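**Student:** This is the structure I want to talk about, given as structure tokens.
The values are calculated or read from the model by the stated rules, or taken from the named source; none is laboratory data. Since this is a predicted model, take the numbers as computed values, not measurements. We place every Cβ from the backbone using ideal geometry, glycine too, and count neighbours over all the protein chains shown.
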Amino acid sequence: MLMQNEIINQLKDIGLNSYESKLWLALLSKGIAAAGELSDIANVPRSRSYDVLESLEKKGFIILKIGKPIKYIAVQPDHVIETVRKKLIEDADTHDKFLSKIEQSPLIDELKSVYKSGIREIDPLELTGSIRGRKNLYHHLDRMIKNAEKSIIIMTTSSGILRKKSALSAAFKKAKEKRVKIKIAANITTDVRSQIEDLGGLVELRQANTPARFCVVDGKEVVLMPLDDELTSPASDVGIWVRSKFFASTFEKMFEAAWPTLKQVF
């Protein structure tokens, strides 16, 4: 039972809800079966079984058997994964084309104009937020770095520099093309250095033996990561974003004061 619950939780990641997961697992165990039998095995209400099985058929997880009574055939799991992969790629491509079309339309200029007029009326102290989850945190850092005009300074850990190399290299490259100065201080061990050598052409990197984590852009906005990198899971990580010139410039001045004392990595 515990194993089945674990599988059901994992199947959520490929787009199945609880009832869909239970009925699909039941059908996998039988190969071919009718809705009533699957309902009993999976402990899913019979009133819901047909709708759920129809949903599984549309998603490509099962096949409706020709003939009467109505029965269903399980699709081989590796074939299902391939179907899901192709669907995700197709959906992503469709969404990307749609967003590209929006980016090039007058709508985005109108929305930016509305945003700028509204943001001018906000007290800088109001522009403070909590960003939860490492994925969201890195999306936010990516936007900040790509929008940078003058400078980017980052303090991070050995694990953090590896993540930033993986997630933010494209943003660093875009900033570099705009002649934005990028400085990163991190704890660089020998094994880490060998993995980040291609950052050498994009950023100035120096050795720092501190667990502190923050990013300051243009001396105007800062993201602080207050949790211990070694003890924090990706889902639990959090960043505190503050858009305040006074606050951000304070961190920038402290960083710049320490920078000359740090050993250059490359």
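**Student:** What do you reckon, is VAL180 touching a Gly at 6+ places or on another chain (Cβ under 9 Å) and either in the same structural domain as ILE131 (by TED's automatic domain parsing) or touching a residue at least 40 places away in the same chain (Cβ under 8 Å) (or both)?
**Tutor:** Working: touching a Gly at 6+ places or on another chain (Cβ under 9 Å): no; either in the same structural domain as ILE131 (by TED's automatic domain parsing) or touching a residue at least 40 places away in the same chain (Cβ under 8 Å) (or both): yes.
No; evaluated as a whole, the condition is false for this residue.
**Student:** If you check ILE161, ILE240, which single one turns out to be surrounded by fewer than 19 Cβ atoms within 10 Å (Cβ to Cβ) and within 17 Å of ARG134 (Cα to Cα)? Lay out the reasoning, then the answer.
**Tutor:** Details: ILE161 fails: surrounded by fewer than 19 Cβ atoms within 10 Å (Cβ to Cβ).
One residue alone meets the criteria, ILE240.
**Student:** So which helices (runs of 4 or more DSSP H) are wholly in segment 20-110 and hold at least 2 residues that are farther than 27 Å from ASN9 by Cβ?
**Tutor:** Numbers: elements: 35-42, 46-59, 77-103.
Counting at least 2 such residues, we get 77-103.
**Student:** Can you find even one residue in segment 172-185 that is of a type outside the set (D, E, K, R) and surrounded by fewer than 17 Cβ atoms within 10 Å (Cβ to Cβ)? Walk me through it before giving the result.
**Tutor:** Taking segment 172-185 first, the residues of a type outside the set (D, E, K, R) are 172, 175, 180, 182, 184-185.
Next, from what is left, pick out any that are surrounded by fewer than 17 Cβ atoms within 10 Å (Cβ to Cβ): none.
No, the conditions are met nowhere in segment 172-185.
**Student:** Considering every residue within segment 163-180, establish whether at least one is within 20 Å of ASP229 (Cβ to Cβ) and of a type in the set (Val, Ile, Thr).
**Tutor:** Looking for residues that are within 20 Å of ASP229 (Cβ to Cβ) and of a type in the set (Val, Ile, Thr), one finds none in segment 163-180, hence no.
**Student:** Tell me which residues, restricted to segment 28-54, are in contact (Cβ under 8 Å) with a residue 40 or more places away in the chain and under 33 Å from the mean Cα position of the chain (by Cα). Walk me through it before giving the result.
**Tutor:** First, the residues of segment 28-54 that are in contact (Cβ under 8 Å) with a residue 40 or more places away in the chain: 28, 30-32.
Across segment 28-54, the qualifying residue is only LEU28.
**Student:** Kindly establish whether PRO211 is under 16 Å from TYR138 (Cβ atoms) and surrounded by fewer than 19 Cβ atoms within 10 Å (Cβ to Cβ).
**Tutor:** Details: under 16 Å from TYR138 (Cβ atoms): no; surrounded by fewer than 19 Cβ atoms within 10 Å (Cβ to Cβ): yes.
Judged against the criteria, PRO211 is not a match.
**Student:** Return the only residue of ALA258, ALA167, ALA248 being among the aliphatic types (A, V, I, L, M) and either buried (at least 19 other Cβ atoms within 10 Å of the Cβ) or assigned to a loop (DSSP other than H, G, I, E, B) (or both). Spell out the reasoning first.
**Tutor:** Details: ALA258 fails: either buried (at least 19 other Cβ atoms within 10 Å of the Cβ) or assigned to a loop (DSSP other than H, G, I, E, B) (or both); ALA167 fails: either buried (at least 19 other Cβ atoms within 10 Å of the Cβ) or assigned to a loop (DSSP other than H, G, I, E, B) (or both).
After applying the criteria, what remains is ALA248.
**Student:** Every residue in segment 144-175 that is farther than 24 Å from MET254 by Cβ and among the charged types (D, E, K, R), please.
**Tutor:** In the first step, residues of segment 144-175 are kept if they are farther than 24 Å from MET254 by Cβ; the result is 146, 162, 165-167, 169-170, 173-174.
Matches in segment 144-175: LYS146, LYS165, LYS173, LYS174.
**Student:** Restricting to segment 98-156, name every residue that is at pLDDT 70 or above and of a type in the set (D, E, K, R).
**Tutor:** Selection gives LYS101, GLU103, ASP109, ARG132, ARG134, LYS135, ASP142, ARG143, LYS146, GLU149, LYS150.
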